[in-house]
Amino acid sequence: MHDPMGIPHELLEHDPVERGLIVAGKAMAIAGGLLFIALIIMSLVSIIGRKLGLGSVSGDIELAVAATAILPYCTLLGEHIKVDFFTENLRASLKRPIDGVTEVLFAIVSGILTWRTVLSAIATYESHEVTTLVSLPLWIPTALLVPGLALMAVCALYRAYAHFHPTKKIPGVHP
């Protein structure tokens, strides 16, 4: 029977580069998950506080930068959103290079996002912009987006490399 989830990631062999990316990606994903939990708690306190007339928590929305911390690990596992309607039923010998090209394109887009985010952080630092609610310098949350975006680009490049090497097992890819 065909298992739609593929081989569990922990059961695959990993080369040293992939192991390093997995450790970095998992660490960022855990940090991002903890930040999301903090965001949920802050939002609940804020909502309940408003309903009870106690006021709200200022700046609860500014923890949203946690999303980029989860992206590298999702990218490494191939668990990001993708549309493979046209390639779903292709032979692996055709599908792997097409997926490799899409990973290269994904890495390029991730690289552009990283570059533009760095420029945005520099611009907001130079302009001394602050967030509306808590007056946090805006460059700080903007700069916190950069490591996740940069690692996502590296993970996409690694997946592209793996797609172009037929003997390499790729998480989420069926043989």
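Starting with the fewest neighbours, write out Asp99, Asp15 ranked by other beta-carbon atoms found within 10 Å of each beta-carbon. The partial results should precede the final answer.
Numbers: Asp99 23, Asp15 11.
Exposure proxy ranking, most exposed first: Asp15, Asp99.
What nm distance separates the two modelled labels at Val109 and Val83, each placed 7 Å from Cα along Cα→Cβ?
Inter-label distance under the simple model: 1.0 nm.
From the square roots a ≥ b ≥ c of the eigenvalues of the alpha-carbon gyration tensor of the range 99-175, which class results: rounded (a/c under 1.5), prolate (a/b over b/c), or oblate? Before the final figure, lay out each step's value.
On the way: a/c = 4.89, a/b = 3.19, b/c = 1.53.
Taking the square roots of the gyration eigenvalues as a ≥ b ≥ c, the range 99-175 is prolate.
Please list, ordered by chain and number, the residues whose modelled amide H lies under 5 Å from the amide H of Val130; skip anything fewer than 5 residues away on the same chain.
Under 5 Å from the amide H of Val130 lie the amide H atoms of Leu138, each far enough along the sequence or on another chain.
Starting with the fewest neighbours, write out Tyr125, Tyr73 ranked by other beta-carbon atoms found within 10 Å of each beta-carbon. Don't skip to the answer; put the middle values down first.
Numbers: Tyr125 15, Tyr73 24.
Ordered by Cβ neighbours within 10 Å, fewest first: Tyr125, Tyr73.
Arrange the following residues from fewest to most other Cβ atoms within 10 Å of their Cβ: Val83, Val118. Intermediate results must be reported in sequence, preceding the final value.
Details: Val83 8, Val118 16.
In increasing order of surrounding Cβ atoms, one gets Val83, Val118.
In nm, to one decimal, how far is the modelled label at Ile47 from the one at Val101, with both set 7 Å along Cα→Cβ?
Simple spin-label model gives 4.5 nm for this pair.
At a temperature of 4 °C and a viscosity of 1.567 mPa s, determine how fast the range 14-163 diffuses translationally according to Stokes-Einstein, using the Kirkwood radius over alpha-carbon pairs as Rh; express D in µm²/s, rounded to the nearest whole number. Present the calculation step by step, with values, prior to reporting the outcome.
Numbers: Rh = 17.3 Å.
Stokes-Einstein gives a translational diffusion coefficient of 75 µm²/s.
Give me the number: length gained by fully extending Leu54 to Val134, i.e. 0.36 nm times residue separation minus the C-alpha to C-alpha distance, one decimal in nm. Provide the component values of the computation, followed by the final result.
On the way: separation 80, 0.36 × 80 = 28.80 nm, distance 1.78 nm.
Value of the extension gain: 27.0 nm.
Since every read-out is calculated from the coordinates, none of them should be taken as a lab result. This structure is a prediction, so every number in the text was calculated from the model and none was measured. Glycine gets a Cβ as well: all are built from the backbone with ideal geometry, and neighbour counts include every protein chain shown.
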